[in-house]
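The values are calculated or read from the model by the stated rules, or taken from the named source; none is laboratory data. Bear in mind that the values here come from a model prediction, so they are computed numbers and not experimental data. Backbone-built Cβ (ideal geometry, glycine too); neighbour counts: all protein chains shown.
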């Protein structure tokens with residue numbers, strides 16, 4: 001596409017103080033005092049574009065324990081409308097409840113003593129109705145914490161019958177690499193032992209429900225993925241590799257904070273983690289999906305996970321994963337807990353019962369990211385290394401348009417940024433879709449394109465957006481501290 005346009009795409013970005021005016025008039029503002037002048041930063045996007053961002057890249061992840069509740073929203077509440085506003089995606093049901101709390105209640109199988117609840121075929125048919133109404137697919141985790149291959153095979157057969165083509169894949173167990181630590185397997189518990197037991201499950205499932213794609217190993221993190229991912233590829237022959245990521249731990253010291261969540265160090269560690277996952281994906285030629293991720297483990301931390309800071313983190317992490325070639329991301333959530341990590345939730349027990357959901361700050365990050373589906377990432381570098389806390393990603397659309405995702409994670413009061421995008425003379429000016437809130441700590445007041453989502457959680461792009469002109473091949477866009485923006489630049493003649 002880049003060659004067809006006859007262009008070499010090189011972009012430079014510089015950082016300047018916030019002028020408090022729209023991009024269209026920023027250039028006419030009088031010179032700033034020396035203390036407010038920008039620190040130069042350059043961004044370059046070169047080389048061949050990567051593969052298009054998959055159509056079903058975006059996703060949500062929930063506990064199996066909430067499956068029956070969420071499946072009941074197929075005919076009531078706001079969830080179907082909200083999911084449709086993101087386009088097609090993947091609903092994943094897994095978590096600790098899949099292994100330790102919820103059992104399959106099938107033909108001739110009594111509920112085991114360890115189970116606190118059960119799933120039955122009716123729940124899966126209700127989930128099939130939700131999938132059909134929303135256009136989303138389902139990634140379902142079967143319990144593996146207690147070795148019960150017959151129950152898993154019966155559940156797989158029921159899922160195949162209830163979900164049909166909406167069944168993306170089945171996962172066998174949640175974070176099996178941690179089973180010994182949680183008392184679900186005797187120590188030592190190795191990838192080889194895991195693989196041998198997976199083979200038994202796989203045989204039982206193939207007998208009752210042949211042909212269902214399998215995914216895994218759904219590990220707790222990337223550090224052990226070289227062993228667990230390779231073993232999964234050998235024994236399960238998965239259609240999809242999966243794993244988890246939480247940048248901060250609920251039990252770590254010093255405790256989690258917004259500053260740490262939005263730090264450059266966190267982004268560097270996240271890139272390293274993704275590279276570990278993608279190395280195994282490349283070696284085995286199996287795509288990798290980050291099927292469970294969010295801000296702080298253990299359900300999140302109020303004052304961090306439910307704030308606007310989580311939206312800024314999500315924009316950076318989702319676009320980083322897109323740029324690196326991850327096949328999809330599922331943000332973990334709990335619709336019953338608005339104080340933890342979750343893109344959507346019910347403010348009260350009554351709202352939870354009838355499906356009246358509200359959009360949390362992370363929902364806005366997903367809405368911004370949906371504009372990048374189908375686009376091809378360009379390799380983007382930023383220099384110097386000691387720069388303000390800003391990130392940029394570049395994507396190339398099928399029609400030749402460029403889209404820049406710009407994130408300024410500095411706290412309010414920091415020196416603001418003005419991005420000078422060097423796109424050349426073959427493009428129009430840029431339209432700017434800003435993601436803002438009163439502060440990183442804000443629990444409300446989040447806006448995308450200057451407006452909040454509707455009462456039912458849906459959002460429509462405003463008919464007009466701020467415009468930054470192309471002046472001699474350079475587009476200047478002001479980005480406030482603690483905000484993000486999506487800048488779309490259309491080619492001339494497009």
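What the table shows:
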quantity: All positions within the range 143-168 that are closer than 15 Å to residue 119 by Cα, within 28 Å of the chain's Cα centre (by Cα) and surrounded by fewer than 23 Cβ atoms within 10 Å (Cβ to Cβ); calculated: 160, 162, 163
quantity: Hits in the range 87-116 - residues which are assigned to a strand (DSSP E or B) and either within 30 Å of residue 372 (Cβ to Cβ) or within 24 Å of the chain's Cα centre (by Cα) (or both); calculated: 90, 91, 92, 93, 94
quantity: In the range 79-104, the residues that are over 24 Å from residue 355 (Cβ atoms) and either in contact with a helix residue (DSSP H, G or I) (Cβ under 6 Å, 6 or more places away or on another chain) or surrounded by 21 or more Cβ atoms within 10 Å (Cβ to Cβ) (or both); calculated: 99, 103, 104
quantity: Of the criteria (1) within 22 Å of the chain's Cα centre (by Cα); (2) not in a strand (DSSP E or B), which one residue 171 fails; calculated: (2)
quantity: Hits in the range 267-298 - residues which are within 22 Å of residue 333 (Cβ to Cβ) and surrounded by fewer than 17 Cβ atoms within 10 Å (Cβ to Cβ); calculated: 298
quantity: Selection count where residues are under 20 Å from residue 316 (Cα atoms) and in a strand (DSSP E or B), scope the range 436-481; calculated: 6
quantity: Scan of the range 117-139 for residues that are out of contact with any helix residue (DSSP H, G or I) (no Cβ under 6 Å at 6 or more places or on another chain) and part of a helix (DSSP H, G or I), ordered by number; calculated: 122, 132
quantity: Flag if residue 119 is under 30 Å from residue 448 (Cβ atoms) and either under 19 Å from the mean Cα position of the chain (by Cα) or buried (at least 24 other Cβ atoms within 10 Å of the Cβ) (or both); calculated: no
quantity: Candidate set: the range 400-418, residues that are in a loop (DSSP other than H, G, I, E, B) and under 25 Å from the mean Cα position of the chain (by Cα); chosen: the one farthest from residue 483 (Cα to Cα); calculated: 401
quantity: Checking residue 25 against (1) outside the structural domain of residue 147 (by TED's automatic domain parsing); (2) part of a loop (DSSP other than H, G, I, E, B); (3) modelled with pLDDT under 95, the condition it does not meet; calculated: (2)
quantity: Which numbered condition residue 484 misses (of (1) modelled with pLDDT of 95 or more; (2) buried (at least 18 other Cβ atoms within 10 Å of the Cβ); (3) part of a loop (DSSP other than H, G, I, E, B)); calculated: (3)
quantity: Failed item, numbered, when residue 75 is tested on (1) closer than 30 Å to residue 461 by Cβ; (2) modelled with pLDDT of 95 or more; calculated: (2)
quantity: Residue list for the range 285-296, filter: in contact with a strand residue (DSSP E or B) (Cβ under 7 Å, 6 or more places away or on another chain) and more than 19 Å from residue 408 (Cα to Cα); calculated: 286, 287, 288, 289, 290, 291, 292, 293, 294, 296
quantity: Subset tally (residues that are in a helix (DSSP H, G or I) and over 21 Å from the mean Cα position of the chain (by Cα)) for the range 72-86; calculated: 3
quantity: Helices (runs of 4 or more DSSP H) contained entirely in the range 300-387, each with at least 2 residues that are surrounded by 22 or more Cβ atoms within 10 Å (Cβ to Cβ) and within 17 Å of the chain's Cα centre (by Cα); calculated: 308-324, 361-369
quantity: Qualifying residue in the range 37-53 (condition: surrounded by fewer than 17 Cβ atoms within 10 Å (Cβ to Cβ) and at pLDDT 85 or above); calculated: yes
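Here's the yes/no breakdown for (1) in contact with a helix residue (DSSP H, G or I) (Cβ under 9 Å, 6 or more places away or on another chain); (2) assigned to a helix (DSSP H, G or I); (3) in contact (Cβ under 8 Å) with a residue 24 or more places away in the chain; (4) outside the structural domain of residue 245 (by TED's automatic domain parsing):
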residue: 141; (1), (2), (3), (4): yes, no, yes, no
residue: 150; (1), (2), (3), (4): yes, yes, yes, no
residue: 162; (1), (2), (3), (4): yes, yes, yes, no
residue: 183; (1), (2), (3), (4): no, no, no, no
residue: 186; (1), (2), (3), (4): no, no, no, no
residue: 200; (1), (2), (3), (4): yes, yes, yes, no
residue: 227; (1), (2), (3), (4): yes, yes, yes, no
